[in-house]
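Structure first, commentary second.
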Amino acid sequence: MSQPIARRLTAAALLVAALCALNASSLQAKDPLRAPCVPLVANDPYFSVWSNTDELADSFPVHWTGTINALTSYARVDGKPYRLMGAPNDLEQEVDKLPQTNLAARATNTTYTFEGAGVQLTLRFTNPNLPDDLDVFARPATYVAWTVAATDGKEHDVDVYFDASGELCVNTPDQEIVYKAYNTDALDVMSFASKEQPILEKKGDNLRIDWGRFFIAFEKGAAENVVATHHAARNTFINDGNLPERNVSFPRKANDNWPVMAVKFACGKVGADAVEKRLILAYDDEFSLVYLGEKLRPYWRRNGMEALSMLDLANAQYDELVERCAQFDAELWKRASDAAGEKYASLCSIAYPQAIAAHKLVELANGKLLLVSKENFSNGCAATVDILYPTSPVFIVYSSELLKATMTPALEYAASGRWKFPFSCHDLGTYPILNGQVYGGGETSEENQMPVEETANMLILLDVVARIEGNADYANEYWSILERWAEYLLDKGLDPENQLCTDDFAGHLAHNANLSIKAIVALAAYADLCQINGKEESAKRFREKAEEYAKEWVVLADAGDRFKLAFDRDDTWSQKYNIVWDGLLNLNLFPAEVVEKELAYYQTKMNPYGLPLDNRSDYTKLDWEVWTASLAKDREGFDSIMDNVYEFVNNTPDRVPLSDWYFTSTAKQRGFQARAVVGGVFIKMIDKEALNKAAAE
C-alpha cells in the first residue's frame with residue numbers, strides 16, 4: 001500500500017508512561033491476582049475475545065465461549081522472528097517466543113510486556129468502556145498498539161506482524177466468509193463478513209455472531225503491507241519478513257486454510273526513543289436485538305452513523321481516549337485499593353470488562369436506553385432481573401444512567417400490559433430476541449417463577465436510583481406497577497412460599513430466610529420511595545410493616561449461633577448476602593447482632609477457596625461472597641473472607657472469564673462463566689455516605 005512511517009510515542013502514550021512511573025499500581029505494574037482469562041476485546045456478548053493462558057504466545061485467543069477467535073502477532077528483530085500472540089501450530093519453522101515479562105490486566109487496558117533481543121515491546125489492548133460517555137462506551141472498537149524501544153543502547157530493525165481470522169465473524173467454522181476493503185480520508189480498512197448474513201436469526205447461549213462485519217482499520221501510510229489471505233501468511237513473514245503478494249479468492253469457508261486479514265508494520269531502526277504502531281478492531285452488527293417485536297440498531301448508530309464514520313471517529317479520538325482510559329484505570333485502582341487493598345483492586349479490574357462485555361446498549365424509539373445483559377453459559381436469557389441485581393454495584397459506582405438502562409427492559413415490558421402477573425418478570429427472552437419471558441414456562445405460566453426474588457430486586461434498585469439522583473422521577477414513570485409489586489411483597493414476602501430464588505441451581509425452597517430478608521428490605525425501599533414522593537401515609541404503612549417483619553424474621557430464623565437457611569429447617573445455615581442493603585441504605589431494620597452472629601459463624605465454615613453458599617453443598621457464588629464480606633465492620637473482617645476468594649481467582653484450573661459459581665474445596669468451576677454478575681464485586685466501593693445524602697435531606 002504505502003511506505004512505512006515510524007510513529008513516535010503519542011501524547012497519550014507518554015501519559016501512560018508517566019502514570020507508570022508515578023504510580024506503583026499503574027497500567028504496567030505487576031498484577032496482585034492472576035486473571036483466569038484475560039480480556040483482549042471486551043465490547044458485547046458477541047464481540048468478546050480473551051486469552052486463556054498466562055503467556056499470550058501460548059494459545060490463540062478465544063471467544064468467551066471457548067471457541068477460537070484467532071488473533072496472531074509476531075515481531076522480527078534484526079531479521080529474527082519472535083512470537084508475541086497466538087499458538088505456534090502450522091509454522092514451517094520453530095519460532096521462539098519473545099520472553100513475556102509482565103501482564104497487567106486493568107479495567108480498560110490489558111498490557112503485555114516482552115523483553116529480549118535488545119528491545120522492550122509492549123502490546124496493549126484498550127477497550128474504552130467509559131461509563132460517563134455513552135457514545136464511546138457503546139462504540140464497538142478496540143485499540144491494539146505495539147510500542148517498542150531498544151534497551152541496550154543500540155538500534156534494531158523491527159517489524160511487527162498481525163492477523164485476525166475469519167472466525168471472528170462466523171458462528172461455526174464451516175460458514176463461508178467474504179472479504180472487502182474500504183478507504184476513508186484517514187484510514188485503510190479491511191473487513192470480513194459471513195456470506196449468508198442471517199441477521200438476528202439465531203438465539204441461544206453457546207453462539208457466536210454470524211452477521212454484520214468485522215473490521216481492521218489503521219491510518220493511511222501506517223502499514224507497509226496488508227493482505228487478505230490464509231494463515232500461511234504467518235510463514236511468509238517468519239521466513240522473509242514479507243506478506244504474500246496478493247489476496248486469495250473469496251468467498252471461502254472459515255476453516256478453509258483459515259483465512260486471515262494480515263498486516264505488516266515496519267518500525268524501521270528503533271533506538272531508545274519508542275516507536276508505536278496501532279490499529280483498530282471493530283464490529284458492526286447493524287442490528288443488535290429484537291425487543292417486543294422491534295429490531296433495534298446498536299446505540300452508536302442511533303443518529304445514522306455508519307461503520308466507516310465510526311472508525312474515523314475512533315481513530316481521531318485515539319490520543320484522547322487512551323489518556324482517559326489510563327486515568328479511569330488508575331482512579332478505579334486507587335479507589336478500590338483505598339477500600340480494601342490491591343488484591344481487591346485487581347479483582348475489580350478483572351471484573352469490570354467482563355461485566356461490561358456481557359451487555360449490549362440500544363435505544364428504543366421513545367429514546368429510552370436498554371442495557372441488555374446475556375446470561376452467558378447459564379441459559380442465554382436476556383435482560384434477566386436476577387442478573388441485573390447482582391451486577392448493579394458496578395453501575396451504582398459509575399453510572400445511574402446505565403443502572404436504569406438495565407432495569408428499563410423489565411419495566412417497559414410490565415408497562416406494555418403483556419406481563420400479566422402482580423410481580424416482576426424474570427427475563428425478556430433468549431438473547432438476542434427479547435419478545436417476552438421464556439424462563440419457567442414463559443409469560444403465561446406461574447410455574448417455576450421467582451416472584452419474591454425479582455420483585456424485591458426491582459424495588460431495592462429503584463430506591464437506589466432515587467438515592468443517587470435525589471428524586472424518584474424514574475420510579476414515578478412506572479408507579480402503578482410498583483404499587484402492585486409492593487402489595488405483592490407485603491402479602492408474600494415475609495415467609496416465601498416454595499419457589500426459586502436467584503440461586504435457582506439449588507432448587508426450590510420454601511420459607512427461604514435470605515429471600516425473606518430481601519423482601520423486607522424491598523418493602524422499606526418502597527416506603528422510602530413513597531416518602532420521597534410525599535406519600536406520607538403509604539410511607540408510614542410500608543415502613544412499619546418492614547420493621548414488624550424484621551422483628552418476626554429474627555424469631556423465625558434464629559438457630560442459636562446462626563440463622564437458618566429456611567425457617568422450618570433447624571440444622572441449616574446460609575449466607576445472608578441480601579442484608580447488605582439494610583446497611584448500605586441506612587434502613588436499620590435488623591439488629592446489629594444478626595450480622596455479627598452470621599459473620600462469626602461463617603468463619604467456622606470457610607474452605608480453602610471461599611465460603612460455601614449454604615449447608616447444601618460446598619459450591620459458592622463469587623458475587624455473593626463479596627457482598628457477605630462487605631457486611632464486616634472493618635478491613636480485617638472483610639479480608640477474612642476475601643483472602644480465600646483471592647485464592648480461588650489465583651488457583652482455579654478453569655481458564656475461563658471469571659466463573660461466579662465454583663467449588664470452595666477445589667477452586668474448580670461448577671458452572672457459569674463470563675457473566676455480568678461479577679459487577680457485584682464493586683459493592684465494597686459504593687459510597688454509602690453519598691447514597692444516603694438524599695435520604696438524609
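Per the conditions (1) in contact (Cβ under 8 Å) with a residue 60 or more places away in the chain; (2) open to solvent by 10 Å² or more (accessible area, probe 1.4 Å), the sole criterion not satisfied by Leu428 is (2).
Inspect all residues belonging to the range 474-495 and state whether any of them is under 27 Å from Ser617 (Cβ atoms), modelled with pLDDT of 95 or more and in contact with a His (Cβ under 8 Å, 6 or more places away or on another chain). Checked against the condition, which is being under 27 Å from Ser617 (Cβ atoms), modelled with pLDDT of 95 or more and in contact with a His (Cβ under 8 Å, 6 or more places away or on another chain), the range 474-495 yields at least one hit. Total residues in the range 641-697 satisfying the condition of being part of a strand (DSSP E or B) and either modelled with pLDDT under 95 or open to solvent by 10 Å² or more (accessible area, probe 1.4 Å) (or both): the figure is 5.
Within the range 158-181, no residue that is closer than 26 Å to Arg76 by Cα sits with its Cβ atom under 6 Å from a residue that is hydroxyl-bearing (Ser, Thr, Tyr) and open to solvent by 20 Å² or more (accessible area, probe 1.4 Å) at 6+ positions apart or across chains.
Listed here are the residues, each with its yes/no results for (1) among the β-branched types (Val, Ile, Thr); (2) touching a Phe, Trp or Tyr at 6+ places or on another chain (Cβ under 6 Å); (3) under 30 Å from Val394 (Cβ atoms); (4) at pLDDT below 95.
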site	(1), (2), (3), (4)
Ala107	no, yes, yes, no
Tyr112	no, no, yes, no
Tyr143	no, no, yes, no
Thr151	yes, no, no, no
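Within the range 433-448, one or more residues are of a type outside the set (Asp, Glu), in contact (Cβ under 8 Å) with a residue 24 or more places away in the chain, closer than 14 Å to His359 by Cα and surrounded by fewer than 22 Cβ atoms within 10 Å (Cβ to Cβ).
Hey, which of the strands (runs of 3 or more DSSP E) in the range 235-301, taking only ones fully inside, have at least 2 residues that are of a type in the set (Lys, Arg) and either in contact (Cβ under 8 Å) with a residue 40 or more places away in the chain or in contact with a His (Cβ under 7 Å, 6 or more places away or on another chain) (or both)?
On the way: elements: 259-270, 275-284, 289-291, 294-296.
Of the strands (runs of 3 or more DSSP E) lying wholly inside the range 235-301, those with at least 2 residues that are of a type in the set (Lys, Arg) and either in contact (Cβ under 8 Å) with a residue 40 or more places away in the chain or in contact with a His (Cβ under 7 Å, 6 or more places away or on another chain) (or both) span 259-270, 275-284.
Can Ala307 be described as of a type in the set (A, V, I, L, M), surrounded by 24 or more Cβ atoms within 10 Å (Cβ to Cβ) and within 24 Å of Leu281 (Cα to Cα)? No: the conditions fail for Ala307.
The values are calculated or read from the model by the stated rules, or taken from the named source; none is laboratory data. Only a predicted model underlies this, so the values are computations on that prediction, with no experimental measurement involved. Counting neighbours? That spans all protein chains shown, and the Cβs are built from the backbone with ideal geometry, glycine included. Just so you know, the surface numbers come from the protein's heavy atoms only, side chains and all, with ligands and any DNA or RNA stripped out. Shrake-Rupley method; radii C 1.70, N 1.55, O 1.52, S 1.80 Å.
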